[in-house]
1. What are the aspartates and glutamates whose alpha-carbon lies under 13 Å from the alpha-carbon of residue 43, with same-chain residues fewer than 8 places away excluded?
2. Greater than 27 Å separation of Cα atoms is the criterion. Which listed pairs, 113/170; 88/199; 81/170; 58/174; 88/174; 81/137, meet it?
3. Counting only residues 5 or more places away or on other chains, whose amide H sits under 5 Å from the amide H of residue 62 once H atoms are built in the peptide plane?
4. What residues qualify as long-range amide H neighbours of residue 134, i.e. H under 5 Å apart, gap of 5 or more or another chain, H built at 1.01 Å from N?
5. Rounded to the nearest 0.05, what FRET efficiency is calculated for residue 170 and residue 59 with R0 set to 35 Å and r the Cβ-Cβ distance?
6. Listed highest first by mean packing, meaning other Cβ atoms within 10 Å per residue, what order do 167-179, 79-91, 122-134 come in?
7. May I ask you to compute the full-extension gain from residue 151 to residue 117, defined as 0.36 nm times their residue separation minus their alpha-carbon distance, rounded to one decimal in nm?
Amino acid sequence: MITDKCCNSTHPLSFHLLPLQVKMYLIVPILVSLLLPKAYSLKCFECTPGESGACTDKETDCLYPTQCGSSRVVSYMGDTKLVDINAKSCAVPAECVSAAMNFGITRTTIANKCCNTDLCNSQSVPESTKAPPNGKKCFTCTGTDCTSTLSCLGDEDRCISTTVNTGGMKITMKGCASKSICVGDVSRALGPTMGVDMKCCEGNLCNNAQSIGLSLLLLVTSMVSVALFY
């Protein structure tokens, strides 16, 4: 109930009888004060990994539409883990995806998770388990020969050909990849700023067989570089 003072008298006014403009004038400040802190600011943990791959959490404010994000990048050569990097930061929902790149000799998984409550990214992302073959096949490189075939795993639903500029040399790799590697934010992160030229296709063995003059060591070195700097 709202009271109105006029001519030294007070009488009640019903809210529903007020003009629309007056109602909005009264309601908007209340809504702004209640909703703005929640809609535009979220407290999250942030950590940037050092050379060892470890990082220390600190609190930060993430502005709308970002959420609290956690990321883990793991690269393997066979059963040997080459790289294991954890990071936390503000993240837009489009970045909250998981992906994998599989070149046979090396396989890299990228797991990103997001949440939208204060300090909800306190835990690191669990390491991905090895996925089973999914029936898709792509060409891959063995030594200097890129005519071998590779069985793709899990959500690796694309064949990929990449050219990496490293140490003044162009190195080509072929294999399997997830869709999110080929499009969106992950693809842009691995794009021109890192000297990576990627081409993806959807059919079986669509990434063309050919022989290239590359050593196994260069293939591994370039793949680790991609994982480290993502």
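Taken together, the values in this text are just the output of simple stated rules run on the coordinates, not laboratory data. Quantities reported herein were computed from a predicted structural model and do not represent experimental measurements. Neighbour counts are summed over all protein chains in view; Cβ atoms, including those assigned to glycine, are modelled from backbone coordinates with ideal geometry.
1. Filter leaves 57, 59, 61, 118.
2. 113/170; 88/199; 58/174; 88/174
3. 42, 43, 44
4. 152, 153, 154
5. On the way: r = 43 Å, r/R0 = 1.22.
Computed FRET efficiency for residue 170 and residue 59: 0.25.
6. Details: 167-179: 19.6, 79-91: 16.7, 122-134: 12.5.
The packing order, highest mean first, is 167-179, 79-91, 122-134.
7. Numbers: separation 34, 0.36 × 34 = 12.24 nm, distance 3.96 nm.
The residue 151-residue 117 span can extend by a further 8.3 nm.
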